[in-house]
């Protein structure tokens, strides 16, 4: 099904893989009649060409990228624009689309969500942007329909910003990276590695894009095969996939921790642009005659079978056939895995869902940027036609990804087919992906064609004793399960026909409802603020020395951004930095906020010109111990704050709040063995937090210890590789030395850290 080729390889004529090695040159010459170096072949990838055309540095090893377009949704755009305004924003320098697909329901928090929407509309008018009202489209579907273009690059403040199937290299990053683009700065990265995803064969009936995506994720996530690399989809199997099918695979590449994705384009992608009235945006993309890749993922589409990703990660994958054949063993394994993911906070069980030897689920959801596509929903309708979901506990909700998709489903009868079965049709909304829509009952098990199944992402609250969980599946197998009244069923068991439906895009839906400034700013427009929209609090520069208190210690193999700042109903407070910060780590470590705010008292006193010891008595013995070795350290040159330790933090969402909430609570650093994603590490840096690394093994400190880091400002300035830090033993009046590293930082990133945050760096 999926095989990984370790080491580099060459793709010749787009069809044949030749592994790197002593015989590769001769084999390539025999095929092409030409000699080519590895370095020249590496420049023949599609990714290299697109990155080169957007790089402003003149150095392809150290990229400084300017994007063509930006996009954000209503959980992120308020903070981004507020940050840019504080830094001197006058006009959006490129097309910037503000969608409203996360806080769309306006059902929680009084007027908070709609106030955010009106803020977005007035900012689109004032600064020259595009505003997509609630329920019109989820962020990524609108981007596919209206923004993508062959050879272009798009930056979005959502991790699933992936439009590679349409020939667009797109990246999801934290808000500060968009702020940089709005301020005419650049996205700075080393030239990424490029991994070929070589597709061959064609999917069998009943297999959908989520099945292929989950098969790939299961093969590459845990081993980091594509981490921070570009996935380039090539091979003869690409032609067997429709545009919608490719899009459905592509959007899930985020869950591999890759940097971005790009696909070979062809007539099917040309037709996609023609259908959407944008023929001029199509570009034919293909690797050169001989292209070099840093690795190869070979996918035999013929062999892919309906998949399921069990809780609590998209990489916990099995075929549905395998799960059903080994039901009790796999459910037992999942229950044991839950003990780690949930810290034993609540009782979690799945084996009691087995009835008469069959696994019975409670809910089905087809939604969002992954599941809400036209072909997915049409296929689900065909599988469910003439069936009904029953009048017991099982429910099925379907969210088309945009109003144009919804309109076509109405016109072709698929909506009526689904509604007749007992399914509920809903408007474009991202809520089921992050816990703001269709939250299951306690102990319920939901199968979803959406993007993630992290703990509590479906909306349950451990702190209230609640737990439900999500498994990821394709819309086709969700429909087959629904037709079987909730008994887990792969769509390959369906023996009827799954038709091919022609899609017609109605552009008038957007013309009649979406505000598009056409890039013309109107500085006379007044921004509409709500009472929950708050400015960022003042943040100080990095002091000469730091005293940090460890206020949370997390030893899970991976810590997601959902655990750092929970999703769901907290989304209503995304525009209020201090209000949102009250929820930080609330599900993972409920004591975190209080501990962080406690040590922050010392720093607030210092910044106000007062003595920190008076605000926080514990600081006095810490500084007494420190001064015995570092006599010049005192409250005039030493800052105080908090840090957390996590083994591998930052998997999941791109939202900056996973870092900014720590910052506004006085966080100065994270300490980790490894960072799960580039985007989380970038968020830390952009909020002036030190992304420390520590070697794996027994930690030299524990939770609630005080750490002293002398000369940290000079260490950042001098690019010191190994930074000496100390655990402060106040009782023994001793300092225990250990080593920290910061990893590679650009000169600009160092300046941002020194200034205390991106706002300070850019403030005019």
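The values are calculated or read from the model by the stated rules, or taken from the named source; none is laboratory data. Quick caveat: nothing in here was measured; it's all calculated off a predicted structure. All Cβ positions, even for glycine, are placed from backbone atoms using ideal geometry, and neighbour counts span all protein chains on display.
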inquiry  = Give all pairs with beta carbons closer than 9 Å in which a residue from the stretch 587-602 that is within 19 Å of residue 547 (Cβ to Cβ) meets a residue that is at pLDDT 95 or above and surrounded by fewer than 19 Cβ atoms within 10 Å (Cβ to Cβ); count only pairs at least 6 apart in sequence or on separate chains.
reply    = 595/703; 595/704
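Just to be sure, is residue 476 closer than 19 Å to residue 139 by Cα, in contact (Cβ under 8 Å) with a residue 40 or more places away in the chain and either assigned by TED's automatic domain parsing to the domain that holds residue 401 or assigned to a loop (DSSP other than H, G, I, E, B) (or both)? I'd like the intermediate steps shown before the answer.
Numbers: closer than 19 Å to residue 139 by Cα: no; in contact (Cβ under 8 Å) with a residue 40 or more places away in the chain: yes; either assigned by TED's automatic domain parsing to the domain that holds residue 401 or assigned to a loop (DSSP other than H, G, I, E, B) (or both): yes.
No: the conditions fail for residue 476.
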task = For residue 62, work out the one condition from (1) surrounded by fewer than 17 Cβ atoms within 10 Å (Cβ to Cβ); (2) at pLDDT below 95 it doesn't fulfil.
result = (2)
task = Have a look at 160, 135 and point out the one that is in contact with a helix residue (DSSP H, G or I) (Cβ under 8 Å, 6 or more places away or on another chain), in contact (Cβ under 8 Å) with a residue 24 or more places away in the chain, surrounded by 24 or more Cβ atoms within 10 Å (Cβ to Cβ) and in a loop (DSSP other than H, G, I, E, B).
result = 160
inquiry  = Considering only the stretch 149-165, I want to know if a residue exists there that is under 19 Å from the mean Cα position of the chain (by Cα), over 24 Å from residue 516 (Cα atoms) and at pLDDT below 95.
reply    = yes
ask   = Of all residues in the stretch 362-375, how many are in a loop (DSSP other than H, G, I, E, B) and surrounded by fewer than 24 Cβ atoms within 10 Å (Cβ to Cβ)?
value = 1
query = Looking at (1) within 30 Å of residue 428 (Cβ to Cβ); (2) in a strand (DSSP E or B), which is the one condition that is false for residue 3?
reply = (1)
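Name every residue in the stretch 305-332 that is in a helix (DSSP H, G or I) and either in contact (Cβ under 8 Å) with a residue 60 or more places away in the chain or under 27 Å from residue 206 (Cα atoms) (or both), in order of residue number.
Result: 320, 321, 322, 323, 324, 325, 327, 328, 329, 330, 331.
Yes/no matrix, rows are residues, columns are (1) more than 20 Å from residue 467 (Cβ to Cβ); (2) touching a residue at least 40 places away in the same chain (Cβ under 8 Å):
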position: 340; (1), (2): no, yes
position: 346; (1), (2): no, yes
position: 354; (1), (2): no, no
position: 362; (1), (2): no, yes
position: 375; (1), (2): yes, yes
position: 381; (1), (2): yes, yes
position: 384; (1), (2): yes, yes
position: 402; (1), (2): yes, yes
position: 412; (1), (2): yes, yes
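Residues that are within 23 Å of the chain's Cα centre (by Cα) and either in contact (Cβ under 8 Å) with a residue 40 or more places away in the chain or surrounded by fewer than 21 Cβ atoms within 10 Å (Cβ to Cβ) (or both): which strands (runs of 3 or more DSSP E) entirely in the stretch 658-764 hold 3 or more of them?
Filter on the stretch 658-764 gives 667-672, 690-693.
From 234, 251, which residue is surrounded by 24 or more Cβ atoms within 10 Å (Cβ to Cβ), touching a helix residue (DSSP H, G or I) at 6+ places or on another chain (Cβ under 6 Å) and in contact (Cβ under 8 Å) with a residue 12 or more places away in the chain? First the steps, then the outcome.
Working: 234 fails: touching a helix residue (DSSP H, G or I) at 6+ places or on another chain (Cβ under 6 Å).
That would be 251, the only listed residue that is surrounded by 24 or more Cβ atoms within 10 Å (Cβ to Cβ), touching a helix residue (DSSP H, G or I) at 6+ places or on another chain (Cβ under 6 Å) and in contact (Cβ under 8 Å) with a residue 12 or more places away in the chain.
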message = Among the numbered criteria (1) closer than 19 Å to residue 74 by Cα; (2) touching a helix residue (DSSP H, G or I) at 6+ places or on another chain (Cβ under 6 Å); (3) in the same structural domain as residue 672 (by TED's automatic domain parsing), which one does residue 532 miss?
response = (3)
ask   = Of these, 528, 463, which one is within 26 Å of the chain's Cα centre (by Cα) and surrounded by fewer than 24 Cβ atoms within 10 Å (Cβ to Cβ)?
value = 463
ask   = Which one is modelled with the lowest pLDDT, of the residues in the stretch 537-562 that are under 23 Å from the mean Cα position of the chain (by Cα) and not in a strand (DSSP E or B)?
value = 562
query = Going by the structure shown, is residue 269 within 26 Å of residue 402 (Cα to Cα) and not in a helix (DSSP H, G or I)?
reply = no
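Mind counting the residues in the stretch 563-586 that are touching a residue at least 24 places away in the same chain (Cβ under 8 Å) and part of a helix (DSSP H, G or I)? Full working, then the answer.
To start, the set of residues in the stretch 563-586 that are touching a residue at least 24 places away in the same chain (Cβ under 8 Å) comprises 563-569, 571-581, 583-586.
Pick out the ones that are also part of a helix (DSSP H, G or I) and you get 563-564, 568-569, 571-573, 577-581.
Count: 12.
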